[in-house]
Amino acid sequence: MRKFFPVEDLARDERFNQATNEERMADPRGTSNTGVIRKARSTNRLTPLRPDATDAARSLMHGIMVGEIQALEGAGRTCFDFVTGEEAPFALKLDMARQCWDEARHVEISVKLSEWMGTELGQFIENTVLFAAACSQDPVLRLAGVNRALEGLAIDVFTTMKEFGELAGDPYLAFCEDWMLADEVTHVKMGSVWLRKITENDPERRKKALEFQSVVDKIFSYGGLRSESDESPILLARRFRELAGFSDGELTEIADVSLAALNERREAVEKTLASSPA
Amino acid sequence: MADPFKARNPFAPWDRRELPGMFDVEETARRVGHYKWAEMKLFEVLGGWIATVPEIDVKLRLGTHCYKHAWHAELWHNRLPELREMNPERLTVAPNDAMVRFIAALTEPEAPEMTIEKLVGVYRVFIPHFISAYTFHLNNTSQITDGPTSRSIKFILQDEFDDWRDGEMLIQTLLTTPAEVKRASEHQARLEILLIEAGGIAGPGTIGSAFAE
Amino acid sequence: MTVTVEPSIFKIVKYDSKEIAGVAQEMLKLLGMESTNLLIDVDETVAMSRVTTTLSDPVHILVMSSAFENLKKPMTFSIDNAKFSLGRGLLRIRDRQSGNFADAPTDEDLSVVESAVWETYCVGRLSRLGLKVHKQRWQYNFRNRHGFKDAVDKQFEKIWEADGLTWSQLSEISQHALA
Ligand SMILES: [Fe+2]
Ligand SMILES: [Fe+2]
């Protein structure tokens, strides 16, 4: 088996269809308030009050499920791709193996929740951006991009879904999301701890890792999916992120980037419509 | 209640543990170092394969089992300094070149169509050899002086049996034609031959000798 | 029956207005609504699945682009999804045309609870007409709006199996479920 497994080769059964993030970004459509929908709701935040709440929650849950599969695959690759001791510390690999088990459970949980919500495996397209961030040749970059940026997003998503379940009175959703949230905080912490430890005497490497993290944060905020604005479906979960080792400055930066991304998406839709011939 | 000051045997009547053991501290450390090396190779390859298998149930089992073997490696890593090896990396090695070649052959399959080979290597060859190496160690070490190793082995064996069952059942769901059965057994034979050459996970004598001297 | 689709040429999604019109005609036939004229307005800027109908001549159907989308291949057309989305909208129109739903709010003014009840009624009927339906999805939607209780599930079944209900009967079942 090769070291460093390319994202295009991720193995899936016949039910799944995958798209790269570039392909997904080429879709300029928004889910923002327009026309009739504007009248029906004043916020995009994913709450049961939204008229499309059920389908939006189902689609998000499917996104979570495939994200968990990729998180599992990414952590697994970090166990294999680097020589123990020389390229990655033994203890870091143990953490990644632990993460494999957690992510495998998260897939199991998400599959069951998807069934409960009436979603079939592979019903929606799978964006492979999470695994793409796990393909870096530097384990520290993987930890920054996956554990800190993407698992940070997972904290925001699970917090939103947990609230959704509580408001709807769904006995399974809130229960499961709370458990997954506990694991994800641990994973983000792993990222924070290892980033600090490994780059303690290597400021250049740390800078590169943090840059990579903010690039990944930006990619995931594309379209304003997650921010502190009511227009974003997913709320930036500040408190849980603090627990996971993010500083105040970092949180403000993520919030700013996310809001900028929301505005970019708005402009993209307008531009596409204006530039096409009538 | 019985008189608390009446002299009692330190070993209760049902406690039949004995002092003698086949391994001294040094030999125990050597074996434990090989176990750690082998468990590491196993959790690494299981982790690496997750992305390569399309079968979702297999993917999830590999992820779960990956952690268990990492935990076993950690138990052995922590045991080594207790066995007077202050630099655990020194003993974290393969017993010989044949074992290195076995791991290379085990790890080789990558294509998504090769789940049978991947699972056969782990669950029909490697894990059965772990079970035998650990069982031999447990049954031959001093039940009193080497209590910590025995305790770890008991936990580990529980995992190995559980995972072997999982893996074997997955293999049985994948073998649906005579050609696939042949594929599985050919790969198994190829790996088994390398392990014979290695003498087992801890090298020659991994499970002692079955012959009358 | 005339069916007009707007826009006639799509700029963002890869849909074909003639294909959409064909699917709509097929659904009108299946639902016995041959005398109904349609204007289907697709908002291709929004990736949502909402379908809003207005009883007029022609009947106006406003469709968010994902209602016709192949969700496995975004921005491409799915006949099955289009049939299903149009079917739900057209059944609401048929209910309104029958006069039994005169007291129902307009689509735009339906509350999330009312909407879930009517959707259940429509999808149950579509499943009996042979359309591929994932019942659990609609059960989950109904539970989200009425609560996660066995008593709620019973009311869901009642609506799912029903034909020929009036708006007030539907509302009454919904009230029972909420109680
Ligand atoms: Fe996870
Ligand atoms: Fe995670």
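The values are calculated or read from the model by the stated rules, or taken from the named source; none is laboratory data. Predicted, not measured: the structure shown is a model, and the values here were computed from it. Heads up, the Cβs are rebuilt from the backbone with ideal geometry, glycines too, and the neighbour counts pull from every protein chain shown. All accessible areas refer to the heavy atoms of the entire protein, side chains included, with ligands and DNA or RNA removed. Shrake-Rupley method; radii C 1.70, N 1.55, O 1.52, S 1.80 Å.
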- [ ] Scan segment B:60-76 for residues that are more than 12 Å from residue A:96 (Cα to Cα) and within 7 Å of chain A (Cβ to nearest Cβ) and jot them down.
- [x] B:60, B:74
Task: Residue match in segment B:2-21 (condition: among the acidic types (Asp, Glu) and outside any loop (DSSP other than H, G, I, E, B)) - done: no
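Yes/no matrix, rows are residues, columns are (1) closer than 15 Å to residue C:62 by Cβ; (2) more than 14 Å from chain A (Cβ to nearest Cβ):
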residue: C:1; (1), (2): no, yes
residue: C:5; (1), (2): yes, yes
residue: C:8; (1), (2): no, no
residue: C:12; (1), (2): no, no
residue: C:25; (1), (2): no, yes
residue: C:28; (1), (2): no, yes
residue: C:34; (1), (2): no, yes
residue: C:45; (1), (2): yes, no
residue: C:48; (1), (2): yes, no
TODO: Select from segment A:91-128 the residues that are touching a Ser or Thr at 6+ places or on another chain (Cβ under 6 Å) and within 12 Å of ligand 1 (Cβ to nearest atom) and write down the one among them that is nearest to residue A:175 (Cα to Cα).
DONE: A:104
Task: Odd one out for residue A:102, checked against (1) over 18 Å from the mean Cα position of the chain (by Cα); (2) over 30 Å from residue C:70 (Cβ atoms) - done: (1)
Open item on the list: For segment C:83-179, give me every one of the helices (runs of 4 or more DSSP H) that falls completely inside it and has 1 or more residues that are open to solvent by less than 40 Å² (accessible area, probe 1.4 Å) and within 12 Å of chain A (Cβ to nearest Cβ).
Closed with: C:112-128, C:135-146, C:150-160
Task: Flag for residue A:170 being over 13 Å from residue A:64 (Cβ atoms), crowded, with 23+ Cβ neighbours inside 10 Å and without any contact (Cβ under 8 Å) to a residue 40 or more places away in the chain - done: yes
TODO: Restricting attention to helices (runs of 4 or more DSSP H) lying wholly within segment A:119-189, give those where 3 or more residues are touching a strand residue (DSSP E or B) at 6+ places or on another chain (Cβ under 8 Å).
DONE: A:151-168
Task: Out of A:13, A:102, sole residue that is more than 7 Å from every other protein chain (Cβ to nearest Cβ) and either touching a Gly at 6+ places or on another chain (Cβ under 7 Å) or modelled with pLDDT of 95 or more (or both) - done: A:102
Task: Residue list for segment A:81-119, filter: open to solvent by less than 40 Å² (accessible area, probe 1.4 Å) and among the small types (Gly, Ala, Ser) - done: A:88, A:97, A:104, A:110, A:114, A:118
Open item on the list: Exactly one of these conditions fails for residue A:127: (1) under 22 Å from residue A:18 (Cβ atoms); (2) within 12 Å of ligand 2 (Cβ to nearest atom). Give me its number.
Closed with: (2)
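Name every residue in segment A:190-202 that is open to solvent by 100 Å² or more (accessible area, probe 1.4 Å) and either in contact with a His (Cβ under 8 Å, 6 or more places away or on another chain) or assigned to a helix (DSSP H, G or I) (or both), in order of residue number.
A:196, A:197, listed by residue number.
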Task: Members of segment A:54-66 found to be open to solvent by 20 Å² or more (accessible area, probe 1.4 Å) and within 16 Å of ligand 2 (Cβ to nearest atom), listed by number - done: A:63
Open item on the list: If I ask for residues that are at pLDDT below 90 and away from ligand 2 (no atom under 12 Å from the Cβ), which ones from segment A:150-159 would you list?
Closed with: A:156
Task: Subset of segment A:161-188 [away from ligand 2 (no atom under 16 Å from the Cβ) and not aromatic (Phe, Trp, Tyr)] - done: A:163, A:165, A:166, A:167, A:168, A:169, A:170, A:171, A:173, A:174
Open item on the list: Name the residue that is farthest from residue C:146 (Cα to Cα), counting only residues in segment A:53-83 that are more than 10 Å from chain B (Cβ to nearest Cβ) and among the polar types (S, T, N, Q).
Closed with: A:59
Task: Filtered residues of segment C:46-70 (kept if in a loop (DSSP other than H, G, I, E, B), farther than 15 Å from residue C:14 by Cβ and touching a strand residue (DSSP E or B) at 6+ places or on another chain (Cβ under 8 Å)) - done: C:48, C:49, C:50, C:58
